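The values are calculated or read from the model by the stated rules, or taken from the named source; none is laboratory data. On a predicted model such as this, the values are computed, not experimentally measured, just so you know. Backbone-built Cβ (ideal geometry, glycine too); neighbour counts: all protein chains shown.
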Number of protein chains: 2
Amino acid sequence: MNPILASDSLTQRLADSGLRATPQREVVYSVLLRKRDHPTAEEVFARVKAELPTISLATVYNCLETLVQCELVRAVNFERSPTRYCPNLRPHAHFHDEQTGRTYDIDLPPAVLAEVNQVLPAGFDASSVEITFRGQARATS
Amino acid sequence: MNPILASDSLTQRLADSGLRATPQREVVYSVLLRKRDHPTAEEVFARVKAELPTISLATVYNCLETLVQCELVRAVNFERSPTRYCPNLRPHAHFHDEQTGRTYDIDLPPAVLAEVNQVLPAGFDASSVEITFRGQARATS
DNA sequence: GCGATTATTTGGAATTGTTCCAATTCCAAG
DNA sequence: CTTGGAATTGGAACAATTCCAAATAATCGC
């Protein structure tokens, strides 16, 4: 009945983990979907407050952590700057523009991913791999 | 005259950047070379104190930062845990063992590095790329 | 060598991002 | 209802790092 489909998949994923779909979780997730610019927890907090003025920063951290657990959101770390969050579930690398500080998603073709995994010697069993570029982007995307 | 060759290349690199080879910098660097287990700043601090009991943590941070600037050492970040330092200058990825917390260097063949760089669309100019695996290692290395 | 200048080190305070905690509040089921 | 677990909240605590101002050390022009 709710026209916002994302909310349904959210509810489903949460239920799968035995968790509830609360307004806070829904708004945090929708904020991430709405503007996919890899916001920090503080930025998410600011955006969510527009809709839920009484939400606390702790709750934003809780919700983000929950979404990461449910694999609806990826936490992205670049050096020691604040963790950023992205709702892109396809395999992708990140490009960090040194000038602007902006982060871009770079799609990772399965073939490349496969080749990268080949570099692991016997005895190393990787559950995930993260690829991060840093440099300069003139792209508008 | 000094039989420790590393110290010479250190002196050289520092000089190239207009910096001095101080005892603190030399000992911090030698500690990294001696045990290449990706220590944190605190761990380096503890090891250096054996030789220079009066060194301060701030100086260890300074020295590490200097060595990173001179490209003698790489800073390695894994999620939000403390930065680790490694004196391995060859292109390599890192494998983070989720059980033990240990970090392993994984050599990166130029061909793989080249292919990874190919995923960047036009307009993205990368100055460096970082590849980090996470998983389980049974290796002894 | 000798003072002037600059680089480096030092200890402690400050900062930042995040987590913890104890006290509510909110649901959901019996 | 009411009882129990889940979730939220605000503020304190925390960990890693950086900042800062004072002390120390090295280097340079003379």
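Looking at segment A:1-100, the strands (runs of 3 or more DSSP E) lying wholly inside it that each contain 2 or more residues that are assigned by TED's automatic domain parsing to the domain that holds A:Val129 and more than 11 Å from the chain's Cα centre (by Cα) sit at A:92-97. Every condition in (1) among the charged types (D, E, K, R); (2) within 20 Å of B:Pro23 (Cα to Cα); (3) at the interface with chain A (Cβ under 10 Å from one of its Cβ atoms) holds for B:Asp107 except the one numbered (2). Take A:Leu113 and decide whether it is within 14 Å of chain B (Cβ to nearest Cβ), assigned to a helix (DSSP H, G or I) and in contact with a Pro (Cβ under 9 Å, 6 or more places away or on another chain). So A:Leu113 fits the description; yes.
Can you find a residue in segment A:36-50 that is buried (at least 17 other Cβ atoms within 10 Å of the Cβ), more than 30 Å from B:Glu65 (Cα to Cα) and within 14 Å of DNA strand C (Cβ to nearest atom)?
The answer is yes; a qualifying residue exists.
One residue is enough: does segment B:48-57 have a residue meeting the conditions more than 12 Å from chain A (Cβ to nearest Cβ) and either in contact with a strand residue (DSSP E or B) (Cβ under 7 Å, 6 or more places away or on another chain) or closer than 26 Å to A:Pro91 by Cα (or both)? There is no residue in segment B:48-57 that is more than 12 Å from chain A (Cβ to nearest Cβ) and either in contact with a strand residue (DSSP E or B) (Cβ under 7 Å, 6 or more places away or on another chain) or closer than 26 Å to A:Pro91 by Cα (or both). Once segment A:16-35 is narrowed to residues that are buried (at least 16 other Cβ atoms within 10 Å of the Cβ) and within 10 Å of DNA strand C (Cβ to nearest atom), the residue that is nearest to A:Leu64 (Cα to Cα) is A:Gln24. Among the residues making up segment A:102-141, those that are out of contact with any His (no Cβ under 7 Å at 6 or more places or on another chain) and of a type in the set (Asp, Glu) are A:Glu115, A:Asp125, A:Glu130. Considering only segment A:63-81, I want to know if a residue exists there that is loosely packed, with under 14 Cβ neighbours inside 10 Å, in contact (Cβ under 8 Å) with a residue 24 or more places away in the chain and more than 14 Å from chain B (Cβ to nearest Cβ). Looking for residues that are loosely packed, with under 14 Cβ neighbours inside 10 Å, in contact (Cβ under 8 Å) with a residue 24 or more places away in the chain and more than 14 Å from chain B (Cβ to nearest Cβ), one finds at least one in segment A:63-81, hence yes.
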